[in-house]
1. So ALA73 fits all but one of (1) small (Gly, Ala, Ser); (2) modelled with pLDDT of 95 or more; (3) away from the ligand (no atom under 16 Å from the Cβ); what number is the exception?
2. Conditions first: (1) under 18 Å from the mean Cα position of the chain (by Cα); (2) within 15 Å of the ligand (Cβ to nearest atom); (3) not acidic (Asp, Glu). VAL81 passes all but one, so which condition is the exception?
3. If you go through region 54-103 one residue at a time, how many are under 16 Å from LEU158 (Cβ atoms) and aliphatic (A, V, I, L, M)?
4. Find all pairs meeting these conditions: Cβ atoms under 8 angstrom apart; at least six residues apart or on different chains; first residue within region 31-54 and open to solvent by 50 Å² or more (accessible area, probe 1.4 Å) and part of a loop (DSSP other than H, G, I, E, B); second residue among the hydroxyl-bearing types (Ser, Thr, Tyr) and modelled with pLDDT of 95 or more.
5. Using the structure shown, decide if LEU5 is more than 16 Å from the ligand (Cβ to nearest atom) and either surrounded by 14 or more Cβ atoms within 10 Å (Cβ to Cβ) or at pLDDT 95 or above (or both).
6. Which pairs turn up if I take residues in region 58-87 that are open to solvent by less than 10 Å² (accessible area, probe 1.4 Å) and look for partners that are among the basic types (Lys, Arg) with beta carbon separation below 6 Å, at least 6 apart in sequence or on another chain?
7. Hey, could you check region 93-148 for residues that are among the β-branched types (Val, Ile, Thr) and within 14 Å of the ligand (Cβ to nearest atom) and say which is surrounded by the most Cβ atoms within 10 Å (Cβ to Cβ)?
Amino acid sequence: MDKLLKGYSKFRKEVFPREKHNFKMLASSQAPHALFITCADSRVDPSMILQAPPGELFICKVVGNLVPAYGSAMGGVASAVEYAVTVLGVSDVIICGHSDCGAMRAFLHPEKLRSLKAVEAWLEHATTAIAVSKDHHSHLEGDAYVEALTKENIVSQLQHLRTHPSVASRMRRGNLAIHGWYYDIGEGTVSSYADDSGSFHLLDEEAVIKAVA
Ligand SMILES: [Zn+2]
């Protein structure tokens with residue numbers, strides 16, 4: 001805890017005074033561009049990956065970056081989706097899985113989940129990804145299988161996301177885009193899911209820079 005409190009002290013003494021103007025502007029309202037749903041894993045830091053200061057990303061961190069299909073779990077994730085899409089009016093929703101995901105790795109040893117009842121119940125929302133992976137990636141082993149499962153899970157959670165009325169309605173109107181990303185922690189790279197090819201491709205940062213220039 002000492003390390004965290006030292007961090008807070010540094011924030012108070014150095015960061016906040018420097019950014020005071022921005023924090024005053026943010027004190028009474030927010031207008032984030034995107035809803036970023038990713039794993040609770042401590043190594044995945046959306047604000048760092050996208051170099052996004054406070055106010056730009058509405059972040060929902062949850063084990064396994066799972067988005068329960070609408071109606072199956074009216075809890076925190078469904079609330080974050082509804083609020084970000086309907087009230088805040090974000091233009092994009094990103095579901096981001098990552099390498100070495102403990103939640104995905106757990107499926108290699110489901111017997112270990114039996115004593116973790118809450119985790120076991122939550123991971124039910126990845127049932128489709130597990131079934132698809134068993135059918136299509138059973139030739140893979142270890143890390144390669146976990147990566148394939150993690151990517152199938154991202155695709156599956158995008159399908160769940162589409163079942164949320166707020167998302168379906170805005171997508172029908174054409175003013176909301178949804179994205180599936182895979183973040184490789186050791187490489188510092190993001191791959192994006194392409195619907196047309198059904199595969200993940202490294203985000204080309206040069207192309208991204210040109211597109212926004
Ligand atoms: Zn994870």
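The values are calculated or read from the model by the stated rules, or taken from the named source; none is laboratory data. This structure is a prediction, so every number in the text was calculated from the model and none was measured. Cβ sites come from the backbone with ideal geometry, for glycine too, and all protein chains shown count toward neighbours. Each accessible area value is taken on the protein alone, full model and side chains, heavy atoms only, with ligands, DNA and RNA left out. Shrake-Rupley method; radii C 1.70, N 1.55, O 1.52, S 1.80 Å.
1. (2)
2. (2)
3. 14
4. HIS33/SER91; PRO53/SER47; PRO54/SER47
5. Details: more than 16 Å from the ligand (Cβ to nearest atom): yes; either surrounded by 14 or more Cβ atoms within 10 Å (Cβ to Cβ) or at pLDDT 95 or above (or both): yes.
Judged against the criteria, LEU5 is a match.
6. If the second residue must be among the basic types (Lys, Arg), the pairs left are VAL85/ARG170.
7. Just the residues of region 93-148 that are among the β-branched types (Val, Ile, Thr), to begin with: 93-95, 119, 127-128, 130, 132, 146.
Filter once more, keeping what is within 14 Å of the ligand (Cβ to nearest atom): 95, 119, 146.
Details: ILE95: 26, VAL119: 15, VAL146: 22.
Ranking the qualifying residues of region 93-148, first place goes to ILE95.
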